[in-house]
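Rule-based calculations on the coordinates, nothing more; no lab input. Computed from a prediction, not measured in an experiment: that's the story for all the values here. Cβ atoms come from the backbone with ideal geometry, glycine included; neighbour counts cover every protein chain shown.
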Amino acid sequence: MELTWLGTAGFIVKSKEGEIAFDPFLSRGQGEASPFTPKSFENTQAIFVGHGHFDHTFDIPEIANNTEAKIYAPGLTGQLLKMRGVSGNRVHHAGNKETLFKDFKMRAFKSSHVNFDMPLILSTIKRCGVRGCMHICGLGVSYPQGMVQSYYFEAGGKKILFLSSATNDIGELKQYRDLEVDYYLAPLQGHTNIQDLAAKHVSIIKPKVVIPHHHDNFYPPLSQDISAEVFKEKLTRSGFKGDFLEIPLFKNIQL
Ligand SMILES: [Zn+2]
């Protein structure tokens with residue numbers, strides 16, 4: 001199986017089961033330009049969306065124009081994608097009850113979004129200035145979070161869990177432990193102490209391998225680089241015995 005990190009929470013998964021993608025975000029503003037284009041998804045069969053924020057959905061209408069991929073998104077986010085031009089028969093509600101995409105045994109779980117903490121909000125306001133803050137408020141209004149879904153799937157005989165944002169629900173995390181996850185795609189963004197929070201989550205989920213994402217500077221000055229190295233240290237200190245795999249930005253690994 002090949003796993004490509006698109007930056008932010010975006011991934012393309014290629015395996016003998018087929019090709020799928022998660023939360024592709026290519027328009028990185030003043031961030032390092034993405035080498036990926038909507039054409040990079042021409043063989044993608046399905047795109048799964050974690051939640052509605054702009055850094056998870058902004059590029060999906062244009063990508064949809066370049067692929068036959070089905071788009072699985074939770075409730076309101078799917079409705080907004082239709083309003084932004086994705087044809088209705090391509091958009092599917094990512095419900096929790098049924099298998100969404102059989103070849104990958106894809107299931108959605110009710111998840112939640114990390115709570116932005118006050119020090120993070122204040123430091124972001126300071127970085128962005130008045131004009132930047134107004135721009136961000138506009139993005140917030142146009143791209144509401146909506147329901148948050150996580151995704152569990154199987155590919156190449158491995159069990160994989162994707163979260164689009166670090167949850168704040170311990171009960172949800174305990175549910176993932178029962179799945180006996182091989183690879184946990186762990187989001188590192190949205191909180192001053194995100195590495196501590198994410199390490200705590202790993203200690204509950206107990207995956208064999210942790211792969212961080214969303215820690216790149218995907219849309220400066222709103223975003224900033226988050227150290228995956230610090231996360232790795234926190235994992236070691238918390239007693240995590242599994243492997244830590246950091247995919248370089250825009251690169252892929254074979255699993
Ligand atoms: Zn978000």
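Take the range 102-116 and flag every residue that is touching a strand residue (DSSP E or B) at 6+ places or on another chain (Cβ under 6 Å) and closer than 16 Å to TYR176 by Cβ. Reasoning before the result, please.
Kept after step one, since they are touching a strand residue (DSSP E or B) at 6+ places or on another chain (Cβ under 6 Å), are these residues of the range 102-116: 103-109, 111.
Once the filter is applied, which keeps residues that are touching a strand residue (DSSP E or B) at 6+ places or on another chain (Cβ under 6 Å) and closer than 16 Å to TYR176 by Cβ, the range 102-116 yields LYS105, MET106, ARG107, ALA108, PHE109, SER111.
Residues of the range 26-74 that are farther than 23 Å from LEU185 by Cα, surrounded by fewer than 20 Cβ atoms within 10 Å (Cβ to Cβ) and of a type in the set (Gly, Ala, Ser): GLY29 alone. Looking at LYS82, LYS159, LYS97, just one residue is in a loop (DSSP other than H, G, I, E, B) and basic (Lys, Arg), and that residue is LYS97. Within the range 1-19, being in a loop (DSSP other than H, G, I, E, B) and of a type in the set (D, E, K, R) holds for LYS16, GLU17. The single condition from (1) within 14 Å of the ligand (Cβ to nearest atom); (2) assigned to a strand (DSSP E or B) that ILE71 fails is (1). Take GLN175 and decide whether it is away from the ligand (no atom under 16 Å from the Cβ), polar (S, T, N, Q) and surrounded by fewer than 22 Cβ atoms within 10 Å (Cβ to Cβ). Yes; evaluated as a whole, the condition is true for this residue.
Can you find, within the range 105-139, the residue that is surrounded by the fewest Cβ atoms within 10 Å (Cβ to Cβ) among those that are among the basic types (Lys, Arg), on the phi < 0 side of the Ramachandran plot and not in a helix (DSSP H, G or I)? Before the answer, list the steps.
If we filter the range 105-139 for residues that are among the basic types (Lys, Arg), which is where we start, we get 105, 107, 110, 126-127, 131.
Among the residues that remain, those that are also on the phi < 0 side of the Ramachandran plot are: 107, 110, 126-127, 131.
If we keep only those that are not in a helix (DSSP H, G or I) as well, we get 107, 110.
Values: ARG107: 20, LYS110: 15.
Here the residue is LYS110.
Assessment of the range 20-38 against the conditions (in a helix (DSSP H, G or I) and more than 15 Å from TYR152 (Cα to Cα)) yields at least one matching residue. From VAL114, VAL130, which residue is in contact with a Ser or Thr (Cβ under 9 Å, 6 or more places away or on another chain) and of a type in the set (Val, Ile, Thr)? None of the other options fit; the residue is VAL114.
Assess whether ALA166 counts as being assigned to a strand (DSSP E or B) and within 14 Å of the chain's Cα centre (by Cα).
On the way: assigned to a strand (DSSP E or B): no; within 14 Å of the chain's Cα centre (by Cα): yes.
Answer is no for this residue.
Would it be correct to say that LEU120 is more than 24 Å from TRP5 (Cα to Cα) and within 14 Å of the ligand (Cβ to nearest atom)? Steps first, answer last, please.
Numbers: more than 24 Å from TRP5 (Cα to Cα): yes; within 14 Å of the ligand (Cβ to nearest atom): yes.
Considered against the rule, which asks whether it is more than 24 Å from TRP5 (Cα to Cα) and within 14 Å of the ligand (Cβ to nearest atom), LEU120 comes out as yes.
For the range 141-165, the tally of residues that are surrounded by fewer than 23 Cβ atoms within 10 Å (Cβ to Cβ), among the hydrophobic types (A, V, I, L, M, F, W, C) and closer than 21 Å to ASP216 by Cα stands at 1.
Among the residues of the range 182-201, just one is under 24 Å from GLY157 (Cβ atoms) and surrounded by fewer than 22 Cβ atoms within 10 Å (Cβ to Cβ), namely ASP182.
Residues in the range 178-214 that are small (Gly, Ala, Ser) and more than 16 Å from the ligand (Cβ to nearest atom): ALA199, SER203.
For every residue, the table says whether it meets (1) touching a residue at least 60 places away in the same chain (Cβ under 8 Å); (2) under 20 Å from the mean Cα position of the chain (by Cα).
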residue: ASP216; (1), (2): yes, yes
residue: SER223; (1), (2): yes, yes
residue: SER227; (1), (2): no, yes
residue: THR236; (1), (2): no, no
residue: ILE253; (1), (2): yes, yes
